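**Student:** I am attaching a structure below and will ask some questions about it afterwards.
The values are calculated or read from the model by the stated rules, or taken from the named source; none is laboratory data. Nothing here was measured: the structure is a model prediction, and the numbers come from that model. Here Cβ is always computed from backbone atoms with ideal geometry, including for glycine, and neighbour counts include all displayed protein chains.
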Amino acid sequence: MNRRPFIKKLFQTTGGIYLASQSSLLFGNNSNHNDEKLGIALVGLGSYSKGQLAPALLETQYCYLAGIVTGTKEKESIWAEKYNIKKENIYNYDNYDDIIHNDDIDIIYVVLPNSMHAEFTIRAANAGKHVICEKPMATSVEDCKKMIAACKKANKMLSIGYRLHFDPYHDKIMRIGQNKIYGPMNVESEFSFMLKDQNSWRTKKSLAGGGPLMDLGIYALQASIYSFGELPTSVSATNTTKDTEFFKHIEGSLDWELTFPSGKANCTTSYEKSITAKLTHNLDNEGQVKLQNAFYYNGIKCTTPDGDISFKPVNQQALQMDAFALNILKNTPTLVPGEMGLRDNYLIEKIYESAENNGKVIELNDVPNILDIRK
């Protein structure tokens with residue numbers, strides 16, 4: 001029996017916990033036997049693919065870097081040599097659809113500017129591949145719906161690159177908040193950094209779809225929702241951009257407040273502040289649960305009324321991609337499906353609507369009902 005289908009069948013019919021514990025027997029401690037793993041092709045070889053995803057795929061147990069899609073010819077040989085990628089697994093944006101004929105590639109990871117997510121996700125589904133799409137899922141709710149429909153029509157799974165759902169600190173903060181371990185609370189969250197490069201695609205609305213809310217604020221938005229384990233019922237927002245000359249086409253800074261059934265969340269995102277990444281539960285008893293460096297790849301710190309909590313460092317991206325590979329192998333749902341991305345795009349649109357109407361309170365009566373609940 002061919003080894004790869006055998007492994008897939010084994011995962012579908014055997015307990016996942018047992019197989020995880022036996023992974024060294026199946027794959028070896030540092031296996032290079034790529035026929036035993038699901039193949040991932042990265043679409044877009046920018047800084048996130050280069051600095052995070054590709055290195056993470058050297059650590060994954062259930063998937064590996066099988067192919068690349070790039071519009072820069074010079075990158076092809078560099079990546080092929082560094083990651084041992086076969087020539088026939090290298091594509092560009094014109095012959096991308098030919099990936100339908102490539103059995104080495106099971107999953108396509110779309111890592112392009114936001115406005116390109118919908119097109120390349122839909123084309124991936126039409127090529128018969130499962131998809132991970134980086135956040136934000138798209139630049140409109142309409143595009144999110146089209147992406148979900150395309151993957152369902154092709155009977156392929158769609159996951160969004162929400163890496164923090166696989167991080168132990170954020171898992172802990174979800175459990176603390178959702179289970180009211182320290183009682184009722186309100187949330188504060190901020191993610192910001194200085195952006196001064198006018199040539200960055202992030203400053204171009206046609207590519208980014210918006211400013212820091214799309215890029216960074218989505219982390220604060222997500223953290224607010226999974227801290228409560230609830231859907232928000234209303235939102236009000238204010239555009240607080242200072243340098244309106246530089247940020248002509250997108251917001252430079254934005255503040256918003258979400259109301260939940262059991263509390264409020266006050267959030268800030270900015271391209272005009274020094275780097276800040278925090279998530280705080282302000283408890284009714286005046287204590288705090290706090291994540292410092294909350295949205296970083298590493299270096300997160302957690303403080304609670306009972307003292308500090310620490311976990312061994314993990315590779316968030318490796319855990320995220322391995323989890324999705326196991327979802328495919330075992331035919332189980334992903335923690336971060338396309339519907340969650342659609343939900344967040346819906347909320348982003350409402351935040352912008354409020355900001356454009358001088359902080360008008362927007363009632364959220366039809367938020368897509370998708371939550372990650374931890375008990």
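**Student:** Can you name the residue in segment 225-255 that is surrounded by fewer than 16 Cβ atoms within 10 Å (Cβ to Cβ) and among the acidic types (D, E) and is also nearest to P184 (Cα to Cα) among such residues?
**Tutor:** The qualifying residue nearest to P184 (Cα to Cα) is D243.
**Student:** Do the conditions hold for L45, that is, is it part of a loop (DSSP other than H, G, I, E, B), in the same structural domain as N114 (by TED's automatic domain parsing) and more than 17 Å from D322 (Cβ to Cβ)?
**Tutor:** When the stated conditions are applied, L45 passes them.
**Student:** Give me the pairs, please: first residue somewhere in segment 278-294 and in contact (Cβ under 8 Å) with a residue 12 or more places away in the chain and under 18 Å from G217 (Cα atoms), second residue anywhere and small (G, A, S) and surrounded by fewer than 18 Cβ atoms within 10 Å (Cβ to Cβ), beta-carbon distance under 6 Å, and either six or more positions apart or on two chains.
**Tutor:** N293/G299
**Student:** Hey, among the residues in segment 233-247 that are closer than 17 Å to M194 by Cα and assigned to a loop (DSSP other than H, G, I, E, B), which one's farthest from the chain's Cα centre (by Cα)?
**Tutor:** Looking only at segment 233-247, we keep the residues that are closer than 17 Å to M194 by Cα, and these are 239-247.
Checking the rest, the ones that are also assigned to a loop (DSSP other than H, G, I, E, B) come to 240-247.
Details: T240: 26, T241: 26, K242: 29, D243: 29, T244: 29, E245: 31, F246: 28, F247: 25 Å.
For segment 233-247, the residue satisfying everything is E245.
**Student:** Any idea which of I99, I105 is over 30 Å from L279 (Cβ atoms), in a loop (DSSP other than H, G, I, E, B) and in contact (Cβ under 8 Å) with a residue 40 or more places away in the chain?
**Tutor:** I105
**Student:** What number of residues in segment 117-140 are assigned to a helix (DSSP H, G or I) and crowded, with 19+ Cβ neighbours inside 10 Å?
**Tutor:** 8
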